[in-house]
Amino acid sequence: NLIKEGVVVKLTVFANFRIDNKERYLRMKDSFFSFQDISAEKWVVNVRGKYKKQVLKFLRQNLKEKLCAYELESDKGWFYDTREMLTVIHGDYVLFWIEDHINLVSIGKYDQILTEMKRAQSDHLVYTWFGNNDIFKPLTSNDSKNIKTIHMNKAKVDAVENENNSYFYMISAASICSIKLFNKIIKSNHPYLKRWSKETPFDFEKRSTDVEFLPFNLSISKCELFASIDDNLGMDGYSLIDRGLYPDRVRRHELQHVEYSSAGIIDFIKKITPKYIYKHLSSVYTLIRRIFYTIN
């Protein structure tokens, strides 16, 4: 347990990831070493994929009794398997570990942030994609030393959407989440028309149009905490590889081609198709894909 300035905070690190190749395994280990000493009560981890035995051996060696390990991979999907893990996920907050993001700050920073989050009754803090926080600047917040906290409701969501002429993601998987909000998301069947395959965790993330999850208190770190190894997310030079802070062993598109059989086909179609035609084809494809994911 973290006890700081009279505030007791219980943190669980959670992961349910697929490690299917050597590069993904190496990145997972580097990510782990970057924050392994965080003040967590336990690590609840489910591992799928070809490298699951190596991953579990590595985690057992480094976490010992703090590790609560699973090897769940049912045909009912990621959310179903994660629900099986909820009985051992307790405390105040859950750090949703994404294995290809690296911590950049001292571990003591998280003690301060977690204490401030509990005092602010915060429900959610995205620990990566630091540049994306700019969209919340126009909103009024309650500030402390390391975070600012915004009570997100429909009016504030509308204000951000209007400012950016688009929906935005207000809940991310790469986050520190209150146990209440984490359970609400995992137990829900949202969205009813699935955006992603049931084998992936991506439907954990909620858009600003997903008003069922409002209101909640959103905290924003005042400094960069983690960063993605290879994903720029539309911000040129953002990733650790592009900054020269991580070995450039395998580029993002190369890893995607290894892990997703359709990635090369989609890249080829996009390359040979005029933009205005591809835009319409993409919309139709997205709808068909969502229907397929929902019925399968």
Q: Being of a type in the set (Asp, Glu) and either out of contact with any strand residue (DSSP E or B) (no Cβ under 6 Å at 6 or more places or on another chain) or part of a helix (DSSP H, G or I) (or both) is the filter here, so list the residues in the stretch 105-140 that pass it.
A: ASP111, GLU116, ASP134
Q. With respect to ILE102, is the statement that it is modelled with pLDDT of 95 or more, of a type outside the set (Asp, Glu), within 24 Å of LEU240 (Cβ to Cβ) and assigned to a loop (DSSP other than H, G, I, E, B) true?
A. no
Q. Can you tell me how many residues in the stretch 19-50 are in a strand (DSSP E or B), touching a helix residue (DSSP H, G or I) at 6+ places or on another chain (Cβ under 8 Å) and open to solvent by 10 Å² or more (accessible area, probe 1.4 Å)?
A. 1
Q. Which of the residues spanning the stretch 223-236 are modelled with pLDDT of 95 or more and exposed (fewer than 14 other Cβ atoms within 10 Å of the Cβ)?
A. CYS223
Q: Considering (1) farther than 21 Å from ILE107 by Cα; (2) buried (at least 17 other Cβ atoms within 10 Å of the Cβ); (3) not β-branched (Val, Ile, Thr), say which one LEU72 fails and leave the rest.
A: (2)
Q) Would it be correct to say that GLN61 is open to solvent by 30 Å² or more (accessible area, probe 1.4 Å), more than 23 Å from PRO247 (Cα to Cα), of a type outside the set (Phe, Trp, Tyr) and modelled with pLDDT of 95 or more? A) yes
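For every residue, the table says whether it meets (1) farther than 19 Å from ASP203 by Cβ; (2) out of contact with any Ser or Thr (no Cβ under 9 Å at 6 or more places or on another chain); (3) surrounded by fewer than 21 Cβ atoms within 10 Å (Cβ to Cβ).
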residue: MET85; (1), (2), (3): no, yes, yes
residue: TYR93; (1), (2), (3): yes, no, no
residue: ILE107; (1), (2), (3): yes, no, yes
residue: ASP134; (1), (2), (3): yes, yes, yes
residue: ASP143; (1), (2), (3): yes, no, yes
residue: ASN153; (1), (2), (3): yes, yes, yes
residue: ALA174; (1), (2), (3): no, no, yes
Q) For TYR110, are the conditions met, namely being touching an Asp or Glu at 6+ places or on another chain (Cβ under 9 Å) and not polar (S, T, N, Q)? A) no
**Q.** Complete set of residues in the stretch 243-257 that are under 15 Å from ASN21 (Cα atoms) and part of a loop (DSSP other than H, G, I, E, B)
**A.** ARG249, VAL250, ARG251
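The values are calculated or read from the model by the stated rules, or taken from the named source; none is laboratory data. All values derive from a computational prediction rather than experimental measurement. As a convention, Cβ positions derive from the backbone with ideal geometry for all residues, glycine included, and neighbour counts pool all protein chains shown. For accessibility, only protein heavy atoms count, side chains too; no ligands or nucleic acids. Shrake-Rupley method; radii C 1.70, N 1.55, O 1.52, S 1.80 Å.
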